[in-house]
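Step one of this worksheet: look at the structure below.
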Amino acid sequence: MLDALLTASKPELLDKDGDRTLRALLYDFFAFGRSLEAARAKFAGYAGLSPTQYLILIAITHFKSDEPMGINQLADWLRLSGAFVTNEVNKLVSDGLIEKHPHPSDGRRVQLAVTEQGVNCLARLAALQRPINDALFGMLTREEFKQLSQLLARLAANGDLAVKLAEHVEANLELEQHRVTSAPPAKTKGVQRRRGSR
């Protein structure tokens, strides 16, 4: 019966106690995730922004590439929909924190840049970010921090695929459940013989 309750099947995720280590990892992950969300909300509120607007402003500021960031690049990096990012970017443009420029070779695209006002906003915010980020990650060694960064990048890249798989598996399970509950009851041979004898 306990095997039926396992929440994973890959051997790498199981040990002699079943999925207990995986469950503990997830509980810790969720707890730390709540701390990160709270810190992000604190940063955003201090800057007078929504959490998503804060992420967008930070992402554009620290983007390293040969050309400025566009909407699609930003949406991919933050793993958000293009329409949602466009809406939030427009609010930041209205607030004077970022600006849009036409792409030099593609008239359908825009390039995003942080304004001087946006840079000043982030400079004020950095005084709050530094001690909080130090507290969140400061217990790690440099090597541990690098390993965590690499592991989280891999997990984040795989996360969307896992959610899509969840939707597919859920649909298949519901379809199978529907087949089981709507199937007519099977007739037994004994019943058939009795009917034939009447």
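Descriptive notes on the structure:
- Subset of the range 79-96 that is more than 13 Å from residue 59 (Cα to Cα) and in a loop (DSSP other than H, G, I, E, B) - its residue that is least open to solvent (accessible area, probe 1.4 Å): 96
- Some residue of the range 125-135 being within 24 Å of the chain's Cα centre (by Cα) and of a type in the set (Asp, Glu): yes
- Candidates 170, 144, 174 - the one that is assigned to a helix (DSSP H, G or I) and closer than 27 Å to residue 41 by Cβ: 144
- Scanning the range 25-54 for residues that are of a type in the set (A, V, I, L, M) and open to solvent by 100 Å² or more (accessible area, probe 1.4 Å) yields a count of 0.
Residue by residue, here is whether (1) within 30 Å of residue 112 (Cα to Cα); (2) part of a loop (DSSP other than H, G, I, E, B) holds:
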position	(1), (2)
7	no, yes
23	no, no
27	no, no
43	yes, no
46	yes, no
52	yes, no
59	yes, no
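- Long-range neighbours under 7 Å by Cβ, at least six apart or interchain, first residue free of Cβ contacts under 8 Å to residues at least 12 places away in the same chain within the range 147-174, second among the aliphatic types (A, V, I, L, M): 148/140
Quick grid of which residues meet (1) farther than 18 Å from residue 25 by Cβ; (2) of a type outside the set (D, E, K, R); (3) modelled with pLDDT under 85; (4) surrounded by 10 or more Cβ atoms within 10 Å (Cβ to Cβ):
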| position | (1), (2), (3), (4) |
| --- | --- |
| 135 | yes, yes, no, yes |
| 140 | no, yes, no, yes |
| 144 | no, no, no, yes |
| 156 | no, yes, no, yes |
| 164 | yes, no, no, yes |
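- Which listed residue, of 21, 115, is open to solvent by less than 50 Å² (accessible area, probe 1.4 Å) and either β-branched (Val, Ile, Thr) or without any contact (Cβ under 8 Å) to a residue 40 or more places away in the chain (or both): 115
- Residues of the range 1-51 satisfying the condition of being of a type in the set (S, T, N, Q) and in contact with an Asp or Glu (Cβ under 7 Å, 6 or more places away or on another chain): 7, 21
The values are calculated or read from the model by the stated rules, or taken from the named source; none is laboratory data. Being a predicted model, the structure only gives us computed values, none of them experimental. FYI the Cβ positions are ideal-geometry reconstructions off the backbone, even for glycines, and counts take in every protein chain you see. Protein only, heavy atoms only, side chains kept; ligands, DNA and RNA dropped before computing areas. Shrake-Rupley method; radii C 1.70, N 1.55, O 1.52, S 1.80 Å.
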